[in-house]
Amino acid sequence: MARIEIDESRCKGCGICTIACPKKLITLCDKVNIQGYTPAEALNQEQCTGCALCAEICPDVAIIVFK
Amino acid sequence: MQQVFKRPQSLKDVQTHFCPGCNHGTIHRLVADALDLFGVQQTTIGVASVGCSVFLYGYFDVDVVEAPHGRAPAVATGVKRARPDRFVFTYQGDGDLAAIGTSEIIHAANRGEDITVIFVNNTTYGMTGGQMAPTTLVGQKTSTSPYGRNKAKDGSPIRMAELLAQLGGVAFSARVAVDSPKHLMDAKKQIREAFRFQVEGKGFSFVEVLSSCPTNWGVTPLEGNARVGAEMIPYFPLGIFKNQGNP
């Protein structure tokens, strides 16, 4: 089983990862982070395949992937 | 379970100043990833340009020289000639490379200097407020072309990757984009290929990366990436325009 970790404080909430994820597991949350952005979150990761496309495309290198 | 994706070693663990959705961060990571791949972090000297890419000395964990506006290829020429054992790359935007630095890039390429140039094309001057650049698309509204770029008055956008591919000194010239995962994976491959040319001493290599500038285009990050695919790629086709490594 694979999983990702999103660094909420580093995320700028651009949302590019939300459409890069083939399973559409990532969404932007309602909370505001320390920078004033609404960061991405992936609450339901059972279907994550660890493809790392979200991490590859993240402009802020805020995602790390485990597989 | 092991970590399959982590921050490249050549990229410092710091917050960037880039706007949300700016492709600079992604391109920085791809370049750092290629530096790690060839194990040249300790022997690399980067040359920064003027523009949003000016702060790359704060983001890359390598030695960096800051060049005057547009002069990065000339500075890189000096660095490489003085220290031929070093890996030398420049990282320039379109306002820097295609406008004020046109002379430097063309002559460095024509001389076939053994350096790698990463050219980030976002069709505007990002840092100074979104003015019209030589790469601005016809009809595109910018702060200095409020009615859209006029082809009769301002000419057509310059295609740098094709232009440089015609020069004898250029060994590798390609254009890539990072707007979608598919294009991103290809961009990663071509940046590695360009670096391989220098590592093997095969001459001047050039990669143009199409990028979005959501802030100055006045769009959201997702709309910005969509515009790269819908408007930029039809005018700036992706591909390899010269590859003298594999004849």
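Each value in this text was obtained by applying a stated rule to the coordinates, not by laboratory testing. Source: prediction; values computed, not measured. Note that we place each Cβ from the backbone using ideal geometry, even for glycine, and neighbour counts take in every protein chain shown.
Restricting attention to helices (runs of 4 or more DSSP H) lying wholly within region B:1-87, give those where 3 or more residues are in contact with a Leu (Cβ under 8 Å, 6 or more places away or on another chain).
Details: elements: B:24-38, B:56-59, B:72-82.
The helices (runs of 4 or more DSSP H) meeting that bar are B:24-38.
Take the residues in region A:56-67 that are within 7 Å of chain B (Cβ to nearest Cβ) and part of a loop (DSSP other than H, G, I, E, B); name whichever of them is nearest to B:THR16 (Cα to Cα).
Checking each candidate, the answer is A:ASP60.
Can you pull out every residue in region A:1-35 that is under 18 Å from B:GLN3 (Cβ atoms) and under 10 Å from the mean Cα position of the chain (by Cα)?
A:ILE4, A:GLU5, A:ILE6, A:ASP7, A:CYS17
I'd like the full set of residues that are of a type in the set (Phe, Trp, Tyr) and out of contact with any strand residue (DSSP E or B) (no Cβ under 8 Å at 6 or more places or on another chain), limited to region B:5-20.
Within region B:5-20, B:PHE18 is the sole residue that qualifies.
Out of the residues in region A:36-55 that are farther than 21 Å from B:GLN3 by Cβ and either in contact with a strand residue (DSSP E or B) (Cβ under 7 Å, 6 or more places away or on another chain) or crowded, with 16+ Cβ neighbours inside 10 Å (or both), which is farthest from the other protein chains (Cβ to nearest Cβ)?
Checking each candidate, the answer is A:THR38.
Consider region B:224-247. How many of its residues are more than 14 Å from every other protein chain (Cβ to nearest Cβ) and out of contact with any His (no Cβ under 9 Å at 6 or more places or on another chain)?
So the answer is 16.
Can you confirm whether region A:2-15 contains a residue that is closer than 24 Å to B:VAL14 by Cα, touching a residue at least 40 places away in the same chain (Cβ under 8 Å), basic (Lys, Arg) and in a strand (DSSP E or B)?
Looking for residues that are closer than 24 Å to B:VAL14 by Cα, touching a residue at least 40 places away in the same chain (Cβ under 8 Å), basic (Lys, Arg) and in a strand (DSSP E or B), one finds at least one in region A:2-15, hence yes.
Can you give me the number of residues within region B:119-163 that are more than 19 Å from B:GLY21 (Cβ to Cβ), over 16 Å from the mean Cα position of the chain (by Cα) and not in a loop (DSSP other than H, G, I, E, B)?
Matching residues across region B:119-163 total 8.
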